[in-house]
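Please treat every number below as a calculation from the coordinates, not as lab data. Everything numeric here is computed off the predicted structure, so don't read it as measured data. Using ideal geometry, Cβ is built from the backbone for each residue, glycine included, and neighbour counts are taken over all protein chains shown.
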Amino acid sequence: MAGIDKLPYEWIKEIINVIAEKIVVINRDGIIEYINSAYCEFLGTTMEEAIGKPVQEIIENTRMHIVVKTGQAEIASVHPIKGSEMIANRYPLYINGEIVGAVGTVSFGNPEEWMDYSERIQPLLAELKYYKAEFQNELRSKYNFNDLIGDSPMFQAAKHLAERAAGSQSAVLLLGESGTGKELFAHAIHQTSPRGHFSFVRLNCASIPEHLFESELFGYEEGAFTGSKKGGKKGKFELAHCGTLFLDEVGDMPLHMQSKLLRVLQEKEIERVGGQSPIPIDVRIIAATNRNLEKMVEEGHFRQDLYYRLNVMKINIPSLRERKEDILPIAKVLLKKLERNFHRQGIELSTEVIRRFEAHSWPGNIRELENVLERAVNVLDGNIIHVAHLPLYLQDNHVYRETAHIQPDDVHPAEETIQPLKEIVAAAEKSAIKKALQFTNGNKRLAAKMLGIGKTSFYDKCRTYEID
Ligand SMILES: Nc1ncnc2c1ncn2[C@@H]1O[C@H](COP(=O)(O)OP(=O)(O)OP(=O)(O)O)[C@@H](O)[C@H]1O
Ligand SMILES: [Mg+2]
């Protein structure tokens with residue numbers, strides 16, 4: 001280190017003391033060569049007593065004598081001393097390529113110190129994570145309805161409803177399992193709406209740190225608090241003015257934040273933190289969640305009045321397992337995207353992989369499919385994705401074993417009972433009709449179309465199964 005030899009010796013000693021807090025140096029034989037007074041004080045010993053002794057005699061649970069043997073540094077390891085969990089760093093000392101000893105430091109004299117430190121650092125980490133996600137989001141490209149792949153009647157019905165929503169000003173509530181494409185739908189609705197030229201602003205209601213809620217949503221005036229930006233800052237509502245505000249994961253918003261949000265939606269104006277006068281706001285709200293909001297309202301976890309405000313046009317986005325016929329077309333589009341990113345061409349799926357894809361329940365929906373394909377392309381040598389390229393949970397599917405000597409007949413589904421075919425068909429029809437009606441919000445004409453049957457036949461079946 002150029003220049004350090006110019007520092008007075010006393011300085012170097014003090015610098016080490018200040019930086020390391022508690023420090024010990026041992027030689028190759030594990031004998032303490034140096035230990036500072038802070039460490040001695042903590043251990044209840046003195047420098048005179050400690051120096052020259054084997055390190056294990058002075059410091060309980062030490063691993064310094066091991067580090068000097070292994071030559072491997074140990075960073076941030078938990079080291080219990082005198083009933084306290086300390087954080088220890090241990091480094092071997094190499095001089096001219098040879099181990100001459102080791103240096104160790106410990107910090108946080110007691111758990112309280114650690115808690116205090118962690119409490120100060122946690123909000124900063126939360127803030128950093130939040131802004132990182134925000135930044136990523138800004139970089140995302142815009143989507144429209146052509147990006148929503150799927151020809152199944154259920155998906156088409158959802159898309160159809162979304163197209164209608166694009167033309168209206170009403171609030172939209174997008175419901176669907178994780179990874180079904182809620183965000184994509186929100187983008188598409190905004191892009192196609194008359195507000196498409198204005199901003200689409202996303203607010204992740206689940207991750208916004210509590211202390212940022214008001215300033216993020218409503219903005220602040222210059223000098224509203226220490227560290228506030230010169231000229232103040234616009235909040236999400238102001239940024240979305242004339243455009244769309246997408247309230248993502250709205251079901252995860254804490255109750256007290258729900259009240260503040262509701263107030264703005266009702267009054268259609270906001271007040272910046274530290275501001276003097278209300279600012280009128282014109283935003284279209286699209287909310288999304290994978291939670292069961294109705295149940296949350298019943299249980300008192302979601303405000304009923306807010307639910308009514310958001311739930312003007314409800315769009316249920318079907319899961320992948322409810323539209324198996326779309327799996328392959330979507331996989332093909334995703335593969336094309338991956339080919340572009342990985343500079344590859346002509347990647348295909350083996351027939352067995354297709355079979356497994358169609359048999360899998362896809363709890364993570366399209367996002368899971370994306371991950372599975374990306375992983376496969378990463379480990380692929382040739383051009384065909386085989387079962388071996390899939391994650392283990394898709395390889396282990398015992399019903400679909402590829403190995404020739406195990407016949408599918410060997411598998412006995414233990415819990416399945418056999419019912420008369422008539423009953424099975426009736427139950428399936430009834431549930432399909434109910435589901436279709438749910439998706440079309442009770443629109444029987446559309447439901448019949450989705451199921452691919454005539455209106456008269458649909459009404460007959462409703463009567464038979466006592467569905468009204
Ligand atoms: N119909 C679709 N066609 C092609 N790709 C899709 C479709 N729907 C979703 N995707 C892709 O699947 C991924 C997940 O979509 P998105 O983020 O919109 O899901 P989400 O419902 O918001 O999920 P979460 O609840 O986990 O936030 C995205 O990468 C998106 O591009
Ligand atoms: Mg989402």
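See the values below:
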| read-out | value |
| --- | --- |
| Protection proxy ranking, peptides 192-202, 237-247, average beta carbon neighbours within 10 Å, highest first | 237-247, 192-202 |
| Between segment 33-99 and segment 280-347, the alpha-carbon center distance in angstrom | 55 |
| Whole-Hz couplings from phi, Karplus 6.51/-1.76/1.60, listed for segment 291-307; x for Gly and Pro | 8, 8, 5, 4, 5, 5, 5, 4, 7, x, 9, 9, 5, 5, 5, 5, 4 |
| Signed unit charges on C-beta, dipole axis of segment 4-107, positive-most listed residue GLY44, GLY71, ASN61 | GLY71 |
| Those lysines that a straight Cα-Cα span of less than 16 Å connects to LYS13, excepting residues fewer than 8 apart in one chain | LYS22 |
| Highest average packing first - 73-83, 213-223, 152-162, Cβ atoms within 10 Å | 152-162, 213-223, 73-83 |
| Amide hydrogen neighbours beyond the local backbone of ILE384, cut-off 5 Å, H modeled | GLU348 |
| Amide H contacts of GLY101 (H built 1.01 Å from N, under 5 Å, at least 5 apart or other chain) | LEU93 |
| Selected from GLY442, ILE35, ILE281, residue furthest toward positive end of dipole (the chain; charges at beta carbon) | GLY442 |
| Entries in LYS324/LYS444; LYS142/LYS337; LYS268/LYS314; LYS182/LYS314; LYS159/LYS182; LYS324/LYS435 that, when Cα-Cα distance is taken, lie over 18 Å | LYS324/LYS444; LYS268/LYS314 |
| Point-charge dipole on Cβ atoms (K/R +1, D/E -1) for the chain, about Cα centre, debye to 20 | 2380 |
| Selection from ILE189, LEU320, ASN365, by position along the positive dipole direction of the chain (Cβ) | ILE189 |
| Relative packing of peptides 311-317, 455-461 - highest average C-beta neighbours within 10 Å first | 311-317, 455-461 |
| Unit charges on C-beta of K, R, D, E only; dipole of segment 417-468, Debye | 220 |
| Hz values of 3J(HN,Hα) by residue in segment 278-290 - Karplus curve (6.51, -1.76, 1.60), Gly and Pro given as x | x, 10, x, 10, 10, 10, 9, 9, 10, 10, 9, 7, 9 |
| Hz values of 3J(HN,Hα) by residue in segment 27-41 - Karplus curve (6.51, -1.76, 1.60), Gly and Pro given as x | 8, 4, 8, x, 8, 5, 9, 8, 8, 8, 5, 4, 5, 4, 4 |
